[in-house]
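Q: Let me begin by handing over the structure; questions about it come next.
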Amino acid sequence: MTVTSVTETAHAASRTQLTITLTGARNAIAAAQQKALENGWHISVAVVDHAGQLVALERSDSAIGISPDVAIGKARTAALLQAPSQEFEQFINSGRPSFLATPGVTPLEGGVPVWLNGMVIGAVGVSGAHGANDSLVAETAVLAVSV
């Protein structure tokens with residue numbers, strides 16, 4: 001696992017937060033792109049840190065133009081809500097559209113958080129392989145970070 005420790009201090013209280021590194025993000029992207037290549041999918045892959053901020057992004061040459069923005073949104077959703085973005089798509093599909101009012105989320109399948117020691121240290125978002133395939137690629141990417 002490639003992580004770095006960031007210490008946050010506020011008013012005499014402190015907390016250590018682990019977060020994904022650029023090396024970890026690059027490993028995730030390489031694994032995702034390999035999985036997509038094996039299946040003939042043209043994707044964009046985004047990796048964000050624990051706060052949902054972009055660490056790395058890669059778009060396949062043939063990926064559709066909107067896929068980078070969607071991948072970032074899926075990754076941010078998974079990191080900030082600390083759950084796969086698929087869960088939030090299911091909220092909407094099961095008749096709970098109020099989730100759409102949550103600011104800054106992309107409730108589409110394909111975002112997966114990266115966990116370490118019970119904490120989310122980042123997330124991977126994939127767009128372009130469609131639905132369950134996006135999640136499969138994102139899960140493959142997360143496993144590459146966890147090695």
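Q: From the helices alone, meaning DSSP H stretches of at least four residues, give me the mean residue ellipticity at 222 nm for the chain, per-run term -39500 (n - 2.57), in deg cm²/dmol to the nearest 500. It would help to have the intermediate numbers written out before the result.
A: Numbers: 4 runs with 56 residues, N = 147.
The helix-only estimate for the chain comes to -12500 deg cm²/dmol at 222 nm.
Q: Give me the compactness ratio for the range 75-147, meaning the Cα radius of gyration over 2.2 N^0.38 Å.
A: Values: Rg = 12.0 Å, N = 73, 2.2 N^0.38 = 11.2 Å.
Working it through for the range 75-147, the quotient is 1.07.
Q: Something else about it: Compute the separation of the alpha-carbon centres of the range 27-58 and the range 89-129 and state it in Å as a whole number.
A: When both Cα centres are located, 15 Å separates them.
Q: Name the most mobile residue of 21, 102, 77, meaning the one with the largest mean-square fluctuation, in a Gaussian network model of the chain with Cα contacts below 10 Å.
A: Result: 102 has the largest fluctuation of those listed.
Q: Give me the Å³ per residue figure for the convex hull around the C-alpha atoms of the range 28-73.
A: Working: hull volume 2.9 nm³, N = 46.
In the range 28-73, the Cα hull volume divided by residue count equals 64 Å³.
Q: Got a sec to turn the phi values of the range 31-48 into Karplus ³J(HN,Hα) couplings, 6.51 cos²θ - 1.76 cosθ + 1.60 with θ = phi - 60°, whole Hz, x for Gly and Pro?
A: Going residue by residue, I get 5, 5, 5, 5, 4, 5, 4, 4, 10, x, 9, 10, 10, 10, 10, 10, 10, 10 Hz, with x marking Gly and Pro.
Q: Need one number for the chain: average projected area of the convex hull over its C-alpha atoms, nm². Don't skip to the answer; put the middle values down first.
A: Numbers: hull surface 36.5 nm².
Mean shadow area of the hull around the Cα atoms is 9.1 nm².
Q: Please find, in a Gaussian network model of the chain (springs between Cα atoms separated by less than 10 Å), the residue of 65, 24, 125 whose mean-square fluctuation is greatest.
A: Between 65, 24, 125, it is 65 that shows the largest mean-square fluctuation.
Q: Another question, if that's okay. Rank 56, 140, 14 by how far each Cα sits towards the positive end of the charge dipole of the chain (+1 on Lys, Arg Cβ; -1 on Asp, Glu Cβ) and give me just the farthest.
A: Value: 14.
Q: Under the definition of Cα pairs under 8 Å and six or more residues apart, what whole-number percent is the relative contact order of the chain?
A: Over the chain, the number comes to 26 percent.
FYI, it's all coordinate maths here, none of it is from the lab. Because the structure is a prediction, the values reported are computed rather than measured. Please note: Cβ atoms are built from the backbone with ideal geometry, for glycine as well, and neighbour counts cover all protein chains shown.
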